[in-house]
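As structure tokens, the structure follows; a few thoughts come after it.
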Amino acid sequence: MRKKLNKIPIISVLFRISNAYVYKGDPVHFVKTASIGMWMDRIGKSILFSIALGFIISISLSYNKIENYRPEDTILAIFPSILGFGIGVFALLFALPTEFLDKLRQTVEDSKGKSKISGPEMLPSDMAFPLLVYSLIMLCSVILKVLPVGDISNTIAATLLVYGLVVTFELLNSIFMTASYMLIVRREKDSKQ
């Protein structure tokens, strides 16, 4: 199945980046597909939360007879900017100093797996996955925009909006944790000199 997915345009990119994200960047993602449990733990909870909240937002829009609001308009207004910001931050990963990456790898090895991070390998997947989600959500929003307004399209668009925002928080967390850890490494380096 993995080989078949890798031959389908767009789906192959979705699968590769998502699988790497589920594996937290562990290089095994190149040869193995994560289990359903891993997918549910890493991605599924956020999707289920987004579906529930998207459904509530859609019911609220319908109940309050708010007909001139379309969630896809909000998506297409804010997500391109977030995507651009995320690409800029992702590019900065390549400028991270080697000593930072070595220190992060050593800390994870010393923690004996108790840490939520798996090492510097996790950083690219944690940055690339949100960018992938933004791109996919914007594509879906363009398609929804040409469809008639209705409860189903509002529910789908609201769910996409919520999931995009959830992923934004995850991206911000990755940036925060990376920056915080980098400051710790620099402080240790300065104190040794």
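Contour minus end-to-end for Leu76 and Ala91, with contour as 0.36 nm per residue of separation and end-to-end as the Cα-Cα distance?
3.1 nm
Please check the chain for the longest run free of trypsin sites (Lys or Arg not before Pro) that are loop-located per DSSP (anything but H, G, I, E, B) and have at most 13 other Cβ atoms within 10 Å.
By the stated rule (loop sites, at most 13 other Cβ atoms within 10 Å), 117-193.
Explain nothing, just the number: dipole magnitude of the chain about its Cα centre with +1 on each Lys and Arg Cβ and -1 on each Asp and Glu Cβ, in debye rounded to the nearest 20.
520
Positive end of the dipole of the chain, charges at C-beta (+1 Lys, Arg; -1 Asp, Glu), about the Cα centre: which of Val185, Leu53, Leu83 has its Cα farthest in that direction?
Of the listed residues, the answer is Val185.
Along the charge dipole of the chain, which of Ile66, Ile175, Val28 sits closest to the positive end, that is, farthest toward it, with unit charges on the beta carbon of Lys, Arg, Asp and Glu (+1, +1, -1, -1)?
Towards the positive end, the residue furthest out is Val28.
Of the listed values (i) 1.18; (ii) 1.14; (iii) 1.93, identify the label whose number matches Cα Rg over 2.2 N^0.38 Å calculated from this model.
Looking at Cα Rg over 2.2 N^0.38 Å for this model, the match is (i).
Over the heavy atoms of Asp102, what accessible area does a 1.4 Å probe trace out, to the nearest 10 Å²?
Its accessible surface works out to 80 Å², give or take rounding.
In square angstrom, rounded to the nearest 10, how much accessible surface does Leu96 have for a 1.4 Å probe?
Here the accessible area works out near 30 Å².
Arrange the residues Thr159, Thr33 by how much accessible surface each exposes, largest first, with a 1.4 angstrom probe.
Ranking Thr159, Thr33 by accessible area, largest first, yields Thr33, Thr159.
Calculate how steeply helix 151-192 sits against the longest principal axis of the alpha-carbon atoms of the chain, using the helix alpha-carbon long axis, and give the answer as 0 to 90 degrees to the nearest 10.
Result, in degrees: 20.
Among the listed pairs Lys24/Lys145; Lys65/Lys145; Lys7/Lys32, which have their C-alpha atoms separated by more than 24 angstrom in this model?
Lys24/Lys145
The values are calculated or read from the model by the stated rules, or taken from the named source; none is laboratory data. Just so it is clear, the structure is predicted and the values come from calculations on it, not from any experiment. Because the Cβ atoms are built from the backbone with ideal geometry, glycine has one as well, and the counts that use them run over all protein chains shown. These area figures cover heavy atoms from the full protein model, side chains too; ligands, DNA and RNA do not enter into them. Shrake-Rupley method; radii C 1.70, N 1.55, O 1.52, S 1.80 Å.
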